[in-house]
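Report on the following structure.
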Amino acid sequence: MTKLYLIRHGESEANRARLFAGNFDIDLTELGYAQAEHIPEYFREIHIDAIFASDLKRAYHTACPLAKARNLPVVKEPSFREISAGAWEGVHFDTIMEKYKEDYTVWREDIGRAVCTNGESVLQLSRRVSAAITRIAEENDGKTVVIATHATPIRSLISLWATGSLRDMKEYKWVPNASITEASYENGVFTLENIGITEHLEGLLTKLPPTV
């Protein structure tokens with residue numbers, strides 16, 4: 001069995017400014033860095049064999065304090081990037097709703113079917129993220145792996161692991177910044193164990209705006 005911990009990046013400058021980041025390589029806020037510094041506390045009594053992260057700064061920098069505490073490298077894995085958002089990248093949520101209302105309404109109301117305007121679909125994202133995490137789980141059989149990634153990859157994996165499809169993805173909420181989601185992988189099957197743990201953040205919890 002492989003034990004997996006998925007960490008959503010800390011608060012980013014895009015989160016703070018209410019921009020749709022996508023693959024826009026924007027860094028953490030000061031609060032986001034503070035959230036990242038609290039992550040090692042959660043793992044204080046948990047053995048870790050490997051740490052992976054999306055190569056985007058906000059995810060990579062979220063993983064760095066834990067890697068430093070454990071004297072482990074952070075392996076950059078582009079497959080764990082946020083959705084490639086096309087025309088939405090770096091754009092304010094209100095502007096997206098105004099200019100791309102039809103596509104963004106699907107995103108908000110039935111995200112499993114959503115396609116970013118001129119960008120990636122959630123189905124495409126789920127396929128690349130699922131392929132990467134399955135490969136890593138199989139390569140690290142019997143080990144414990146931490147992966148720092150983004151909101152949409154985590155939400156898609158939660159839906160796939162819980163229901164076997166993206167059809168009910170809309171029923172699962174976004175996990176908070178710097179939260180931890182636990183799962184395991186054995187005999188080709190992922191088992192979801194805990195979603196969006198925030199007990200380690202000690203009052204540093206942030207929330208997405210209702211327009212996301």
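Coordinate-derived values only; no laboratory data. Nothing here was measured: the structure is a model prediction, and the numbers come from that model. We place every Cβ from the backbone using ideal geometry, glycine too, and count neighbours over all the protein chains shown.
Using the alpha-carbon atoms, what tilt in degrees (0 to 90, nearest 10) does helix 122-139 show relative to the longest principal axis of the chain?
10
Taking neighbour Cβ counts within 10 Å as the exposure measure, how do 45, 82, 77 sort from fewest upward? It would help to have the intermediate numbers written out before the result.
Details: 45 5, 82 26, 77 21.
By the 10 Å Cβ count, ascending, the order reads 45, 77, 82.
Determine the distance separating the Cα centre of the range 8-64 from the Cα centre of the range 114-190; give it in Å without decimals.
Cα centroid of the range 8-64 versus Cα centroid of the range 114-190: 17 Å apart.
What is the sum of charges, Lys and Arg at +1 and Asp and Glu at -1, for the other residues whose Cβ falls under 15 Å from the Cβ of residue 4? Mind dumping the intermediate values first?
Values: positive: 3, 8, 135, 143; negative: 49, 77, 138, 139, 141, 182, 186, 193.
Surrounding charge for residue 4 is -4.
Once phi is turned into ³J(HN,Hα) by the Karplus curve 6.51 cos²θ - 1.76 cosθ + 1.60 with θ = phi - 60°, what whole-Hz value does each residue of the range 101-110 show in order, with x for glycine and proline?
Computed from phi, the couplings for the range 101-110 are 4, 4, 5, 6, 5, 4, 4, 7, 9, 8 Hz.
Just one of (i) 17.0; (ii) 19.4; (iii) 18.8 is Kirkwood radius over Cα pairs in Å calculated from these coordinates, so which is it?
Answer label, from the structure shown: (i).
Calculate one ³J(HN,Hα) per residue across the range 76-86 by plugging θ = phi - 60° into the Karplus curve 6.51 cos²θ - 1.76 cosθ + 1.60, and present them in order as whole Hz with x for glycine and proline.
In residue order, the calculated couplings are 6, 10, x, 5, 8, 5, 5, 4, 6, 8, x Hz.
Could you please rank 101, 3, 143, placing first whichever residue has the fewest other Cβ atoms within 10 Å of its Cβ? Intermediate results must be reported in sequence, preceding the final value.
Values: 101 10, 3 21, 143 16.
With the fewest neighbours first, 101, 3, 143 line up as 101, 143, 3.
Considering Cα pairs under 8 angstrom that are at least six residues apart, work out the relative contact order of the range 2-201 and quote it in whole percent. Walk me through the numbers on the way to the answer.
Working: 423 pairs, mean separation 62.2, N = 200.
Normalised by residue count, the contact order of the range 2-201 is 31 percent.
Net charge near residue 21, counting Lys/Arg +1 and Asp/Glu -1 over other residues with Cβ under 9 Å of its Cβ? All intermediate terms of the calculation are to be shown ahead of the outcome.
Values: positive: 58; negative: 13, 25, 82, 89.
Here the charged neighbours net out to -3.
From the phi of every residue in the range 182-188, what ³J(HN,Hα) in whole Hz does the Karplus formula 6.51 cos²θ - 1.76 cosθ + 1.60 yield, where θ is phi - 60° and glycine or proline is x?
With coefficients 6.51, -1.76 and 1.60, one gets 10, 8, 9, 9, 8, 6, x Hz.
Sorting 1, 169 on the 10 Å Cβ count, fewest up front, what's the list? Present the calculation step by step, with values, prior to reporting the outcome.
Values: 1 13, 169 23.
Least crowded to most crowded, the residues run 1, 169.
Going by amide H atoms built from the backbone, whose H comes under 5 Å of the H on residue 50, apart from near neighbours?
Result for residue 50 returns 144, 146.
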